[in-house]
1. Using only DSSP helix segments of four residues or longer, with each worth -39500 (n - 2.57), what per-residue ellipticity at 222 nm results for the chain after dividing by its residue count and rounding to 500?
2. Of all accessible surface on the chain at a 1.4 Å probe, what whole percent is carbon and sulfur?
3. Can you compute the modelled spin-label distance between Ala38 and Arg168, with each label point 7 Å from Cα toward Cβ, in nm?
4. Run the simple label-point estimate for Ala24 and Arg133 please: 7 Å along Cα→C-beta, distance reported in nm.
5. Could you work out how far helix 87-105 tilts from the main Cα principal axis of the chain, as a 0 to 90 degree angle to the nearest 10?
6. Note the angle between two axes, namely the Cα long axis of helix 108-129 and the longest principal axis of the Cα atoms of the chain, as a number of degrees from 0 to 90, rounded to the nearest 10.
7. Find the accessible area per residue for segment 127-173; the probe is 1.4 Å, ligands and nucleic acids are left out, and the unit is Å².
8. By its C-alpha gyration tensor, with a ≥ b ≥ c as the square roots of the eigenvalues, how is segment 28-173 shaped: rounded for a/c under 1.5, else prolate for a/b larger than b/c, else oblate?
Amino acid sequence: MGTTSSGGPVGARDRDREGRARNARPRDGLGRPLPYGAEGVARQPEGVVRRPEQTVAEAQELLDGGKPFHAHEVFEDAWKSGPASERALWRGLAQLAVGLTHAARGNLTGGVRLLRRGAGAVEEWASASGEPRPYGMDLTGVAAWARRLAGDVERDGVAVDAGARAPRLRGGS
């Protein structure tokens, strides 16, 4: 039996230290897999428990750096580790980051769909919770940013620059 360039047997799945399936291929700044051995962007560690303020700050830094795929992983950690009452908020923010990822990768239909779905999710959470500015985030502004971007992508029909079109989570989107 042959081996893959990562050293594992052909047909074997990449595994993390705990034995879970995890693709070990390097990825670019938008999370697209690169060939084994290529220089990629460091992945976000999975399963990190952060304070909500840390989540917002880290995600904003990644978004500003044109890495919405990586920001989605930060939001996903908050969604999975945070209180049940906030899961819909973090899931909605993760959808927005994935929507921006798809819009930047050129999957325009998927990007538009996820941007609108995420906008609706964060607005719904804000309405149900009565908290329009959790952890200093401007959810009304973030939802408006997502809808504007979705409309621009739909109208223009071209991929966007993820860093240039990143939202301002705490206002000024």
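The values are calculated or read from the model by the stated rules, or taken from the named source; none is laboratory data. Every value quoted in this text rests on a predicted model; they were computed, and no experiment measured them. We place every Cβ from the backbone using ideal geometry, glycine too, and count neighbours over all the protein chains shown. Please note that ligands, DNA and RNA were not included when accessible areas were found on the heavy atoms of the full protein model with its side chains. Shrake-Rupley method; radii C 1.70, N 1.55, O 1.52, S 1.80 Å.
1. For the chain, the value works out to -16500 deg cm²/dmol.
2. 49
3. 3.5
4. In this crude label model, Ala24 to Arg133 measures out at 4.8 nm.
5. Around 70 degrees separate the two axes.
6. Roughly 50 degrees, rounded to the nearest 10.
7. 51
8. Details: a/c = 1.91, a/b = 1.16, b/c = 1.64.
Oblate is the answer for segment 28-173, as a/c is 1.5 or above yet b/c matches or exceeds a/b.
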